[in-house]
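Step one of this worksheet: look at the structure below.
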Amino acid sequence: MARIKKKIKTIKIDADKCNGCRGCEIVCSAFHANPQYSSINPARSRVQVITNRLQNKWLPVFAGEYTPAECMGRDKYIIDGKEYDECDFCRAACPSRDLFKEPDSGLPLKCDMCESDPPQEKPKCVEICLSDVLIYEEREEEVEEEEKPSDAESGLKALTDKYGLEMIADTFARMAQKS
Amino acid sequence: MRYAETGYNLEIDLSRGNIERVETDPKMMETHLGGLGTSIKIHWDRVPPEVKPFDPENLLIFSTGLLNGTPAFSANRTVVTFVSPQSNYLAYPMMGGFWSAELKYAGYDKIIFRNKSPKWVYLWIHNDKVELRDASHLQGKGALETQDLIRKELNDPRAQVAAIGLAGENRCFTASIEQSRSSASRLGGGAIMGDKKIKAIAVRGTKDVNLARGAEFMEHMKGVTEYINFRNANPIKDVMTILQGIGSPQEMVHTDEKWHTENFAWGNARVRRKDFWSKENAQNWTDTQLDTVKRLISCFNCPQHCGGLVSYQNGPYYMMKCFGKLTYCMASYVDDLGFNFRILQRATEYGVDSFSTPQILAFAVELYEAGILTDKDFAGTSAYEACPSDKEGRFFWLLDRVVRREGIGDILADGVYYAARNIGNGAEEFDHNTVKKHEQLPLKLGMMDPLYYLMYSTNEKISITQIEGQWPQTPFATMEQREDFVRDWPQLPDDHFKQYLLDWEFRGEKANPYYPTPQMAAEIVDWMEMLHNVDDACCVCAGMSSFCLKPPYHIHNYPKLISAATGMDLDEAGLKKIVNRSRNLHRAFNNRRGMTRAEEHPPADHWKKRFPEIEEDLLSTYYRFKGWNQNGIPTREKLEELDLGYVAEDLEKRGILKNGQD
């Protein structure tokens, strides 16, 4: 397979500078509202500032991949004498917590780096963070070109994940007989 | 759909535990905007002048403003309104922090408390679920401690909590309401909350706040953002450090306190120590501050860093801001800044105003030194030790007595004005720094200043720091500096103000006390009040607007932001009219409770050089400019112009306005 160039987008988080204002949450929810900027709701934001003010903890965390199951065990980090709660650093929308889920539907949220048409110069949270906590970086990496699955394959894959291959196969067989 | 506001208030009858979600009249936004504006209207309609501060009928309203929860930077204030136990007028202390946006996201604009709870409770609001919960286990807990205990109990680290400490429970007149890094401190809101037996209000919200024309709103915010960046990079020249930037005075960043420590008075607002900022003191204070302030922090959606997370010598963390850094040191004549950090930690957990409280303690020390209070008043009991003799120990002891209302503390807890009259025996003479029964900043200066004369005398706020801001505190020395300052001044409501500044001199006819002239002073003060009233209706921090020189928000961009957020089509004249209406309604509410010209003056010793004739002229001119009669009461004509004919009728019926005129 061919090697291709891939753009890697990174937000570097200088958490020591965070003043805890949560402006990133506000602009994220506004940008992703439909129509754009019609409403604000930090609970819909794909970045959340994990805060415990009296323990001097301020940690912007971005929504990552959805996971159908929680971890088998949990981690706690102690950094500079501060103990971070289980899952604080985790980006997953996960059954163990309500973070990174649409408050109405419970559907998982994921940071999309504000990819849009026309493209943004940088993600909105980075733009709005006047304390320079969030720093946007782009770089190119060479990767193996992946074959993009067809829509039908993606759809089937999702169904298989949910119901298991056997059930999907049975159902397919039944449907094939009927037609 | 409602825009910017949620359109719902919570009405809570504490005596029965009844909670109702009430839809508000959309017309109210058009006539009174929101925040302070709409709250004043509710107090006017529902709290007659016979109601005393600790009567069950005294409403306690926690209000968000029109722009809370929107992407408008620094729209994070909560305005708390009630009839003050100290002034007996409608007080409106405000707090920043994170609470008001959360209340909006929960789906409410205001919480209106009436009557009193029979037992200690806290209110828990989680979107549509609202309940009064038992708070007996929180009684006696610190104001910060309570916030964390409640979050833990609710298992919701994202709940925002406003709480009172022991001072509020004991109805101290200087009790504050503490929340995150902020507090609503002035005029005793904590005492009213305690009187109603509300220990705390916890909120968590995950609903939408809607903007009418969101894209347009963001376009206007771009201009505001660019200006904030510009101002942060380009401090104003030729003014003192804390006036150069935006945000509330950057006391957590700046370590240079020469100006405060040498120009503000120490003790019970007595002595200016003009040589305090020695090399040694400067070094000690700088080292202490840098070692104690662990992080610079902000309120909700604000790019500034006005607050500090502090821990003195690895003691308990708490959050502080602004002038509170100095007030206890200066009031007690203690030269070690570490003392202020230590005692403010205790004072914050107790929940007391850090402007008034140190002055009350200093007042007690003075009375002791004058022999009016004696060793008997400072004696111990089986419950506590006698008062130590060192300055620091004495202040800690007095703070404990006041907050616990023990011994002499029970009298002092009502504030300097009432304590002086209660103690008698000449103590009244030592009450020399209150206006309308409220402790003022410890400032004693030389020459009468026309602008400050009016602001001290007349504003409903009764606290100078939240009235001033738009106009430089002193003239610039050279014409070059003045020209430089007025050149780039888009915030001005009208260009003719520039000439006032260009002509303003240090000495002579064009200097204090003659200049700005009474007419100019009335215009400038009116402009400052107008912008403060816009901020307080939107609940935008005055630090980004009316309280600083050349701020990001002003009368020219506010109407655009408000229009885009709400869908109203508001221009500058329209916005000015709305807040003028609020101010006159507020004034009338206070007039109805007895406020008149007789009370409208600064402390007698505020300036050394006084000019009774000019001062009377200032007041008369300002009243005329406002459309008030010579007793400081809005005329029928003025009230009708503001669609407040019903207010004129009420004032006439009560004999406060006669024939609608002077």
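Pairs B:Lys110/B:Lys560; B:Lys119/B:Lys436; B:Lys258/B:Lys461; B:Lys52/B:Lys110: which are spaced more than 30 Å apart, C-alpha to C-alpha?
Pairs exceeding the cut-off: B:Lys119/B:Lys436.
Cα axis of helix A:151-163 to longest principal axis of chain A: angle in degrees, 0 to 90, nearest 10?
Relative to chain A, helix A:151-163 is tipped by roughly 80 degrees.
If you take every residue apart from B:Glu280 with its C-beta less than 13 Å away from the C-beta of B:Glu280, what net charge results, scoring Lys and Arg +1 and Asp and Glu -1?
Charge balance in the 13 Å sphere: -3.
Quick one: which residues, 5 or more positions from B:Arg186 or on another chain, have an amide H under 5 Å from its amide H? H modelled 1.01 Å from N in the peptide plane, none for Pro or chain starts.
Under 5 Å from the amide H of B:Arg186 lie the amide H atoms of B:Met94, each far enough along the sequence or on another chain.
How big is the gap, in Å, between the Cα center of the range B:52-124 and the Cα center of the range A:50-120?
Distance between centres, Cα-based: 32 Å.
Would you kindly derive the ³J(HN,Hα) couplings of the range B:465-477 from the backbone phi angles with the Karplus curve 6.51 cos²θ - 1.76 cosθ + 1.60 (θ = phi - 60°), listing them in order in whole Hz, with x for Gly and Pro?
5, 10, 10, 7, x, 7, 10, x, 6, 9, x, 7, 5
Compute and list, largest first, the equivalent-ellipsoid semi-axes of the range B:374-440 from the alpha carbon gyration tensor, each √(5λ) rounded to a whole angstrom.
Taking √(5λ) for each Cα gyration eigenvalue gives 22, 12, 11 Å.
Once every DSSP H run of n ≥ 4 in chain A is given -39500 (n - 2.57) and the sum is divided by its residues, what mean residue ellipticity at 222 nm do you get, rounded to the nearest 500 deg cm²/dmol?
When only DSSP H runs of four or more count, the value is -7000 deg cm²/dmol.
Give, as a single signed number, the net charge of other residues whose beta carbon lies under 12 Å from the beta carbon of B:Ala75, with Lys and Arg counted +1 and Asp and Glu -1.
0
Using amide H atoms built in the peptide plane, which far-off residues or other-chain residues are under 5 Å from B:Trp607 H to H?
B:Leu445
Let me have the relative contact order for the range B:247-355, percent, based on Cα pairs under 8 Å that are six or more residues apart.
Answer for the range B:247-355 is 26 percent.
Defining a contact as two alpha carbons under 8 Å apart and six or more residues distant in sequence, what relative contact order in percent does chain B show?
Relative contact order here is 15 percent.
Can you tell me how the range B:1-55 classifies by the Cα gyration tensor, rounded, prolate or oblate, using a/c under 1.5 as the rounded cut?
oblate
Springs between alpha-carbon atoms under 10 Å, Gaussian network over chain A: tell me which of A:Tyr163, A:Tyr136, A:Tyr77 tops the mean-square fluctuations.
A:Tyr163
What is the sum of charges, Lys and Arg at +1 and Asp and Glu at -1, for the other residues whose Cβ falls under 11 Å from the Cβ of B:Asp484?
-1
Given the -39500 (n - 2.57) contribution per DSSP H run of 4+ residues, what per-residue ellipticity at 222 nm results for chain B, rounded to the nearest 500 deg cm²/dmol?
When only DSSP H runs of four or more count, the value is -12000 deg cm²/dmol.
With only alpha-carbon atoms in the gyration tensor, what are the semi-axes of the equivalent ellipsoid for the protein assembly as shown, in Å, largest first?
Details: eigenvalues 452, 191, 161 Å².
Each semi-axis is √(5λ); the values are 48, 31, 28 Å.
Any read-out appearing in this document is the output of simple, stated calculations on the displayed coordinates, not a laboratory observation. Predicted, not measured: the structure shown is a model, and the values here were computed from it. Glycine gets a Cβ as well: all are built from the backbone with ideal geometry, and neighbour counts include every protein chain shown.
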